[in-house]
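These notes concern the structure reproduced below.
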Amino acid sequence: MARFTRIQVATVMEKTGFVPLFYHNDIEVCKEVLRACYNGGARLLEFTNRGDFAHEVFGELNKFAAKELPEMILGVGSVTDAASASLYMALGANFVVTPVYREDIAIVCNRRKVLWSPGCGSLTEIATAEQMGAEIIKVFPGSTLGPEFIKAIKGPCPWTSIMPTGGVSTDEDNLRGWFDAGVTCVGMGSQLITKEFLSSKDYSGLEKHVTNTVELINSIRKK
């Protein structure tokens with residue numbers, strides 16, 4: 001069962017402004033990364049459903065978070081069917097992120113009152129997802145659609161909360177472009193949790209990188 005309500009999750013997404021994305025098949029690596037993100041100021045992490053037995057790693061990681069990092073909101077991404085969403089929710093997923101809009105996922109998440117963020121690439125998809133109760137829309141792929149797409153959506157639909165994923169980096173100009181366009185938060189994977197940090201096991205460096213990203217997003221928003 002989720003430890004955080006969907007309202008709490010949406011609030012923290014908006015407050016922190018970013019959601020780290022990460023997957024690894026080694027639970028010990030996952031724990032180190034999660035702790036580094038937490039100590040750096042992140043309060044959410046999307047564990048991407050990318051490998052065999054990923055749900056087993058997630059289950060252990062969520063137990064670790066509940067015990068050691070009580071304010072960390074752990075969710076799952078890259079979910080493409082209702083059965084997978086239900087499996088992860090049974091393991092305590094606090095939110096579910098999908099690369100596409102699927103009504104079957106919306107139904108099972110809504111039934112459990114778990115926040116779900118569907119990947120959408122058009123205003124029609126976004127409006128349909130909102131009709132099904134989606135609070136924060138994942139715009140994907142962000143690298144293709146870009147900040148101008150966000151601006152175009154926010155014009156007629158200023159109430160829409162958007163989280164672009166893909167094409168988001170920790171570079172100031174990149175982040176400024178997204179937040180100036182009106183995003184609620186951004187999703188960041190390998191640009192935040194880089195291969196270099198992982199290969200060298202430089203978790204203190206990762207923590208500092210996350211801290212710098214938190215501070216940068218806060219400064220952009222203030223301006």
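The values are calculated or read from the model by the stated rules, or taken from the named source; none is laboratory data. Only a predicted model underlies this, so the values are computations on that prediction, with no experimental measurement involved. Positions of Cβ are generated from backbone atoms using ideal geometry, with glycine treated the same way; all protein chains shown enter the neighbour counts.
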Item to check | region 138-171 - residue that is under 15 Å from the mean Cα position of the chain (by Cα) and not in a loop (DSSP other than H, G, I, E, B) and, of those, nearest to residue 23 (Cα to Cα) | outcome: 165
Item to check | Filtered residue count, region 172-189, keeping only those that are farther than 13 Å from residue 217 by Cβ and either under 12 Å from the mean Cα position of the chain (by Cα) or at pLDDT below 95 (or both) | outcome: 1
Checklist entry - How many residues are closer than 15 Å to residue 4 by Cα and touching a residue at least 60 places away in the same chain (Cβ under 8 Å) when one looks only at region 61-98? => result 8
Item to check | Pick from region 136-152, criterion out of contact with any Gly (no Cβ under 8 Å at 6 or more places or on another chain) and surrounded by fewer than 22 Cβ atoms within 10 Å (Cβ to Cβ), ranking: nearest to residue 95 (Cα to Cα) | outcome: 149
Checklist entry - Quick check, is residue 61 in contact with a Cys (Cβ under 7 Å, 6 or more places away or on another chain) and modelled with pLDDT of 95 or more? => result yes
Checklist entry - How many residues does region 172-187 contain that are among the β-branched types (Val, Ile, Thr) and assigned to a strand (DSSP E or B)? => result 1
Checklist outcome for this item: Sole miss for residue 67 among (1) surrounded by 19 or more Cβ atoms within 10 Å (Cβ to Cβ); (2) not in a loop (DSSP other than H, G, I, E, B) is condition (1)
Item to check | Tabulated pairs, region 1-15, first touching a residue at least 40 places away in the same chain (Cβ under 8 Å), second surrounded by fewer than 15 Cβ atoms within 10 Å (Cβ to Cβ) and part of a loop (DSSP other than H, G, I, E, B), C-beta under 7 angstrom, 6+ apart or interchain | outcome: 5/113; 6/113
Checklist entry - If residue 199 passes every condition in (1) surrounded by fewer than 21 Cβ atoms within 10 Å (Cβ to Cβ); (2) in contact (Cβ under 8 Å) with a residue 40 or more places away in the chain; (3) more than 20 Å from residue 14 (Cα to Cα) but one, which one does it miss? => result (2)
Checklist entry - If residue 47 passes every condition in (1) closer than 17 Å to residue 207 by Cα; (2) of a type in the set (A, V, I, L, M, F, W, C); (3) surrounded by 21 or more Cβ atoms within 10 Å (Cβ to Cβ) but one, which one does it miss? => result (1)
Item to check | Top-ranked residue in region 158-167 [being without any contact (Cβ under 8 Å) to a residue 60 or more places away in the chain and within 13 Å of residue 184 (Cβ to Cβ); ranked as surrounded by the most Cβ atoms within 10 Å (Cβ to Cβ)] | outcome: 164
Item to check | Output for region 180-196, where each listed residue is over 17 Å from residue 22 (Cβ atoms) and buried (at least 21 other Cβ atoms within 10 Å of the Cβ) | outcome: 183
Item to check | Total residues in region 169-178, condition in contact with a strand residue (DSSP E or B) (Cβ under 8 Å, 6 or more places away or on another chain) and within 24 Å of residue 156 (Cα to Cα) | outcome: 2
Next on the checklist: Which of the numbered conditions does residue 50 fail, given that it passes all the others? Conditions: (1) farther than 18 Å from residue 99 by Cα; (2) touching a Ser or Thr at 6+ places or on another chain (Cβ under 7 Å).
Outcome noted: (1)
Checklist entry - Does region 3-46 hold any residues that are in contact with a Pro (Cβ under 7 Å, 6 or more places away or on another chain) and part of a helix (DSSP H, G or I), and which are they? => result 37
